[in-house]
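Coordinate-derived values only; no laboratory data. None of these values were measured; they are calculated from a predicted model. In this analysis, Cβ positions are derived from the backbone assuming ideal geometry, glycine residues included, and neighbour counts consider all displayed protein chains.
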Amino acid sequence: MNSFETVLSIVLMVLLGYITKTLGVLKEEDAYSLNKVVVNIAIPSLIFNSIYNSKISTITALLKMPFVSMTVSLLIGIMVFSWTRIAYYDKRRAWSIILPAAMVNSGFMGYPVILGVFGGSGLLRAILYDMGSVFVFLTMGVLLSFIFGNDYRRILKRTIFFPPLWGLFLGIAFNAFNLPLGLISHIIDYLSKAAVPLIMISLGLSLDFKVIKSSLKDAVIVSTFRLLISPLLAVLIVMLFLFSGLEKSVAIIEAAMPSAMLSMVLSIENDLDINLTAACVFMSTTLSLISLPLIIALIG
């Protein structure tokens, strides 16, 4: 399949999830169960498989990818923070939109898109880019715990035991020591292939256009930063650091991903405006189904 057919297939899988919810075949609550399977089993298997089957020298050469992710998130976060100060947002409302603006869905949404368009080589680069997003998640969690007086140890514990992170570490360890997998390799391969359809159907189940209506203005602002300004910043950064080829394409497309679902977790834990954060996440996710094919076409 070409890139257009790949993205169209992904969009149709998202619509399949939404249609099954509309018809009552599945419920919105089922997305929670699917997400648990994806985060705890499918994505770790996908990450492990990619890392294990790559050359260690290639992985080492790509360690600059996380820094692109962190830099883009930092710049977007500063821009949106500045906007909230100019617009006189109170602290609770401000952080409710800073989170979805700065935190990018480079894993849950990024992996399927990059894997579909660029294959295994692209996925490896997407995984390393996403490790920067994990660091942003940890940093945001600790920062908010100090701002709102919460226990930062909870976010540290969650990050330490985050299954996709263990998929990365174990993949590197098994690869570096050339440890054989035997029958397990087939099991991991099957589980890896389940990741993409489960992610897309789960996203479709999660879409809620009623939530978007409640905070339309802020959701549009966040979507603009996430889907337009963020990839433009990535273009400047990859040009500055002389990225080329696949690394350049993956970095720009990953930067164009919508807001991370995990931003809603931090919003809930810090008693922010969860409806506002959710509106930003859902609008950026919905609009990304239009913006991502255009960006991929421009890069291609």
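Let's see how each residue does on (1) farther than 19 Å from LEU198 by Cα; (2) outside any loop (DSSP other than H, G, I, E, B):
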| position | (1), (2) |
| --- | --- |
| VAL11 | no, yes |
| GLY17 | no, yes |
| GLY24 | no, no |
| ALA42 | no, yes |
| THR60 | yes, yes |
| VAL68 | yes, yes |
| THR71 | yes, yes |
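For segment 286-300, a tally of residues being within 17 Å of ILE229 (Cβ to Cβ) and either in contact (Cβ under 8 Å) with a residue 12 or more places away in the chain or surrounded by 21 or more Cβ atoms within 10 Å (Cβ to Cβ) (or both) returns 6.
Where residues in segment 258-284 are assigned to a loop (DSSP other than H, G, I, E, B) and touching a Gly at 6+ places or on another chain (Cβ under 9 Å), which of them is surrounded by the most Cβ atoms within 10 Å (Cβ to Cβ)? Looking at the filtered set, the residue picked out is ALA260. Just one of the listed residues (PRO163, PRO112, PRO100, PRO180) is surrounded by 20 or more Cβ atoms within 10 Å (Cβ to Cβ) and over 16 Å from ARG226 (Cα atoms), namely PRO112. Within the option set ARG158, ARG154, being exposed (fewer than 15 other Cβ atoms within 10 Å of the Cβ) and within 22 Å of the chain's Cα centre (by Cα) holds for one residue only, ARG154. Within segment 191-201, the set of residues being of a type in the set (Gly, Ala, Ser) and surrounded by fewer than 23 Cβ atoms within 10 Å (Cβ to Cβ) comprises SER192, ALA194. In this entry, GLY122 is excluded by the filter for residues that are under 25 Å from ILE199 (Cα atoms), of a type outside the set (A, V, I, L, M) and either free of Cβ contacts under 8 Å to residues at least 12 places away in the same chain or crowded, with 24+ Cβ neighbours inside 10 Å (or both). Against the criterion of being touching a strand residue (DSSP E or B) at 6+ places or on another chain (Cβ under 8 Å), assigned to a helix (DSSP H, G or I) and in contact (Cβ under 8 Å) with a residue 24 or more places away in the chain, SER96 does not qualify.
Just one of the listed residues (SER215, SER223) is touching a strand residue (DSSP E or B) at 6+ places or on another chain (Cβ under 9 Å), surrounded by 13 or more Cβ atoms within 10 Å (Cβ to Cβ), over 23 Å from SER33 (Cβ atoms) and of a type outside the set (Val, Ile, Thr), and it is SER223. In segment 142-154, the residues that are on the phi > 0 side of the Ramachandran plot never reach a residue that is of a type outside the set (Gly, Ala, Ser) with C-beta atoms less than 8 angstrom apart, at least six apart or across chains. In segment 203-227, the residue that is farthest from the chain's Cα centre (by Cα) out of those that are within 22 Å of ILE296 (Cβ to Cβ) and of a type in the set (Ser, Thr, Tyr) is THR224.
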